[in-house]
Amino acid sequence: MATISKFEDLICFNKARELTKSIYKEFKDCKDYGFKDQITRASVSVLSNIAEGFERGTKNEFLNFLYIAKGSAGEVRAQLYVAYDAGYLNIEMFKHLNGLASECSRLIQSFAEKVKKGANAGTQFKKLEKDDPMKEILRSQAPDVYKRFYND
């Protein structure tokens with residue numbers, strides 16, 4: 001699996017972003033403010049948890065946040081049923097938004113499985129190369145020897 005350096009490159013993050021934009025757009029004029037707040041917050045939670053988990057730096061924390069994000073995608077789907085039953089959505093929009101939320105869940109689950117199987121423990125445990133202490137001593141005490149060994 002290729003190394004991903006930022007959460008914005010994750011397919012599941014971008015799909016969650018698409019879901020959130022669609023939810024905000026569809027419910028922007030909804031007068032049921034409690035419902036509107038619930039579904040928009042749940043959709044934001046999907047992409048926020050993917051991002052937060054990625055930035056945490058450990059594999060276990062990342063997995064935990066991915067599963068929280070997946071749970072939030074499930075919450076969005078449940079809220080979409082409420083919206084449809086209350087007459088806030090027609091069947092076509094319900095199917096579209098439900099499909100986006102389901103795809104988010106599927107992508108998050110698939111990615112979580114890949115993260116689980118990955119060998120890396122996370123960026124917090126990445127082995128960093130240590131500087132050779134002799135290098136600095138040679139640079140200051142024996143510059144001619146330093147040049148021969150390090151070609152700087």
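Can Arg56 be described as more than 20 Å from Ala83 (Cα to Cα), assigned by TED's automatic domain parsing to the domain that holds Ala112 and charged (D, E, K, R)?
yes
Tell me, yes or no, whether segment 50-59 has at least one residue that is outside any helix (DSSP H, G or I) and either at positive phi or of a type in the set (A, V, I, L, M, F, W, C) (or both).
Yes, that holds for at least one residue.
Here is a list: Lys25, Lys15. Which entry is assigned to a helix (DSSP H, G or I) and touching a residue at least 12 places away in the same chain (Cβ under 8 Å)?
Going through Lys25, Lys15 in turn, the sole match is Lys15.
Looking at Leu80, Leu107, Leu97, Leu89, which one is modelled with pLDDT of 95 or more, outside any helix (DSSP H, G or I) and either touching a helix residue (DSSP H, G or I) at 6+ places or on another chain (Cβ under 6 Å) or under 16 Å from Ser48 (Cα atoms) (or both)?
After ruling out the rest, the residue left standing is Leu89.
Could you list all residues from segment 84-104 that are crowded, with 23+ Cβ neighbours inside 10 Å and in contact with a Cys (Cβ under 9 Å, 6 or more places away or on another chain)?
Across segment 84-104, the qualifying residue is only Cys104.
Keeping to segment 49-99, report how many residues are over 23 Å from Thr3 (Cβ atoms) and touching a residue at least 60 places away in the same chain (Cβ under 8 Å).
Looking only at that region, the number is 5.
Identify, please: which residue in segment 2-40 is aliphatic (A, V, I, L, M) and either in contact with a helix residue (DSSP H, G or I) (Cβ under 6 Å, 6 or more places away or on another chain) or at pLDDT 95 or above (or both) and is, among those, farthest from Cys104 (Cα to Cα)?
Ile39
The values are calculated or read from the model by the stated rules, or taken from the named source; none is laboratory data. Every value quoted in this text rests on a predicted model; they were computed, and no experiment measured them. Here the Cβ is made from the backbone with ideal geometry for all residues, glycine too, and neighbour counts use every protein chain on show.
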